[in-house]
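Undergrad: Pasting a structure below so you can have a look.
The values are calculated or read from the model by the stated rules, or taken from the named source; none is laboratory data. The shown structure was predicted, so the numbers you read here are calculated from the model rather than taken from an experiment. All Cβ positions, glycine included, derive from the backbone under ideal geometry; neighbour counts span all protein chains shown. Each accessible area value is taken on the protein alone, full model and side chains, heavy atoms only, with ligands, DNA and RNA left out. Shrake-Rupley method; radii C 1.70, N 1.55, O 1.52, S 1.80 Å.
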Amino acid sequence: MRQVFRDVCNYAADLAGINSALYELGGLIIMHDASGCNSTYATHDEPRWTQMPSLIYISALEEYDAILGNDDKLIENVVEAAKETQPNFICLFGSPIALVMGTDFKGIAHVVEQETGIPTFGFKTSGMYSYIQGARQAYQMLAENFVKDTKKEKSSSIRINLMGMTPLDFGYSGNKEAIDAWAQENNFSIVANWSMGTSLEQIEKSSMSDVNVVVSSCGLDAAKVLKEKFHIPYVVGVPVGSCAKTLAENVRLSAHDHQNREMYQSGSHDSHIVLIGEPVMAQSMRLALDDEVQIICPTEIDWHLQEGDLYSHEEEDMRKKLNEADIVIADPIYRRLVSKDIHFIDCPHWACSGRLFKDQMSIIIGDGFQIIKNQV
């Protein structure tokens, strides 16, 4: 029972990660689950739902379909929907129900592609892992199947792709625009933003980039694919606070010597500050704070966690570690685990608490991070 959450909530699921990564790219995205189960994604995990249309649907799996494994019905419905919407691609993945049924999404995708002539992909999801697992699969699929070998022309600026950027990590309150401004200030031209404010056509031209900037662990696998296929180096980090300058310098160095670069700093068992979050963002924030900071990573990927850091999504482990700290920086929902005498700094994370604290989400890119740093 250690993995039962009593006071905090789980992070957005792998299904939400796929939806969020592909939301703006014109694909037909099908979650194989019972009718109504897409409301969790629509109302909690996706801030663009009421402002921007997308072809995200639920299969409306019924009890007899689950018992009998009626894949023909799913195939027929997807083919019919594809003929009506003419999407750029089709994606299929499932919930815990589909997992228990043993649904072969790759096999179904093959049949659908044969019948529609539209590129179709099946993903391995269960609804039991975090959004990072889903988004990683989606971005890797794009890198392997849609990025074209485009001839590079001379440019007076360094061309970059932003890899792994979705509202689940960056919200919808101005961080995307702040990163655009950071790129402009440093004379970087953005080829494609994977994937906020971009199109599939821009994704296809990603090979024109000189450097890939991986701003979350969701984009790591795709960056590695582009490095292997097109020899594009990548740098990992988020331009928060003083890291904005360091990250820009790393981009320039990698554009020159074509080497990968990553920004991270050693942890400490004696840290008086504990920070909870996605690892790439958390490592960048630790560097920007320029202090002894211990990271707790509650998602599956533990990119460059250091000695003294903690990888855990178990509530009791986190409660113990948080109450040993003097300062905690985390989504406000973690206040429920922390005693009142500990200084708690709110840093809302959409993938954690959804829209609960959307009005408290602030811009933390560049100088905006000073709001958090001043509270430490």
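Undergrad: Kirkwood hydrodynamic radius (Cα pairs, Å) of the chain?
TA: For the chain, inverting the mean 1/r across all distinct Cα pairs yields 21.3 Å.
Undergrad: Per DSSP H run of n ≥ 4, the term is -39500 (n - 2.57); total these for the chain, divide by its residue number, and report the mean residue ellipticity at 222 nm rounded to 500 deg cm²/dmol.
TA: -10000 deg cm²/dmol
Undergrad: Taking 0.36 nm per intervening residue step and subtracting the Cα-Cα distance, what contour gain separates Glu76 from His256 on full extension? Let's see the in-between values first.
TA: On the way: separation 180, 0.36 × 180 = 64.80 nm, distance 5.14 nm.
Residue separation times 0.36 nm, minus the Cα-Cα distance, leaves 59.7 nm.
Undergrad: Now for a separate question. Suppose each label sits 7 Å from its Cα in the direction of the beta carbon; what would the Asn187-Leu99 distance come out to in nanometres?
TA: 5.0 nm
Undergrad: Hey, another quick one. With an 8 Å Cα cut-off and a minimum separation of 6 or more residues, compute the relative contact order for the chain in percent.
TA: 17 percent
Undergrad: So, in nm, how far is label Lys83 from label Glu201 when the simple model puts each one 7 Å beyond its Cα toward the Cβ?
TA: Result for the modelled spin labels: 2.8 nm.
Undergrad: Any chance you could run the full-extension gain for Asp7 through Asn323? It's 0.36 nm times the residue separation minus the Cα-Cα distance, nm to one decimal.
TA: 112.3 nm
Undergrad: A follow-up question, please. Calculate I(q)/I(0) for the range 249-376 by the Debye formula, one identical point scatterer on each C-alpha and no solvent, and give its log10 at q = 0.10, 0.15 Å⁻¹ to two decimals.
TA: The calculated log intensity ratios at q = 0.10, 0.15 Å⁻¹ are -0.32, -0.70.
Undergrad: For the range 264-365, what relative contact order do you get, as a whole percent, if you take Cα pairs closer than 8 Å and at least 6 residues apart?
TA: 24 percent
Undergrad: Tell me the carbon and sulfur percent of the accessible area for the chain, rounded to whole percent, probe radius 1.4 Å.
TA: On the way: 7820 of 16460 Å².
Using a 1.4 Å probe with all protein chains present, the chain comes out at 47 percent carbon and sulfur.
Undergrad: Per residue, how much accessible area does the chain have with a 1.4 Å probe, in Å²? Write down the numbers at each step before the final one.
TA: Numbers: 16460 Å² over 376 residues.
It amounts to 44 Å² per residue over the chain.
Undergrad: List the DSSP H helices in the chain whose Cα atoms stretch 20 Å or more along the helix axis and whose mean Kyte-Doolittle hydropathy is at least -1.0.
TA: Span-like helices here: 71-85, 131-145, 243-257.
Undergrad: Here is a follow-up. Test of understanding: what is the full-extension gain from His272 to Met128, defined as 0.36 nm times their sequence separation minus their Cα-Cα distance?
TA: Answer, rounded to one decimal: 48.6 nm.
Undergrad: What FRET efficiency, computed as 1/(1 + (r/R0)^6) with R0 = 41 Å and r the Cβ-Cβ distance, is obtained for Gln114 and Ile342, rounded to the nearest 0.05? Walk me through the intermediate numbers first.
TA: Numbers: r = 58 Å, r/R0 = 1.42.
So the FRET efficiency works out to roughly 0.10.
Undergrad: List the aspartates and glutamates whose Cα sits under 16 Å from the Cα of Lys154, skipping any in the same chain fewer than 8 residues away.
TA: Within the straight-line limit of under 16 Å, Lys154 reaches these aspartates and glutamates: Asp210.
Undergrad: Can you divide the C-alpha Rg of the range 1-74 by 2.2 N^0.38 Å and report the result to two decimal places?
TA: After normalising by residue count via 2.2 N^0.38 Å, the value is 1.29.
Undergrad: Quickly work out the Lys152-to-Asp291 label distance, labels modelled 7 Å from Cα along the C-beta direction, and quote it in nm with one decimal.
TA: Distance between label points: 4.1 nm.
Undergrad: Now, a different point. In straight Cα distance, which lysines are under 16 Å from Lys176, not counting same-chain residues fewer than 8 positions off?
TA: Lys358
Undergrad: Please find, in a Gaussian network model of the chain (springs between Cα atoms separated by less than 10 Å), the residue of Ser339, Ser59, Ser312 whose mean-square fluctuation is greatest.
TA: Largest GNM mean-square fluctuation: Ser339.
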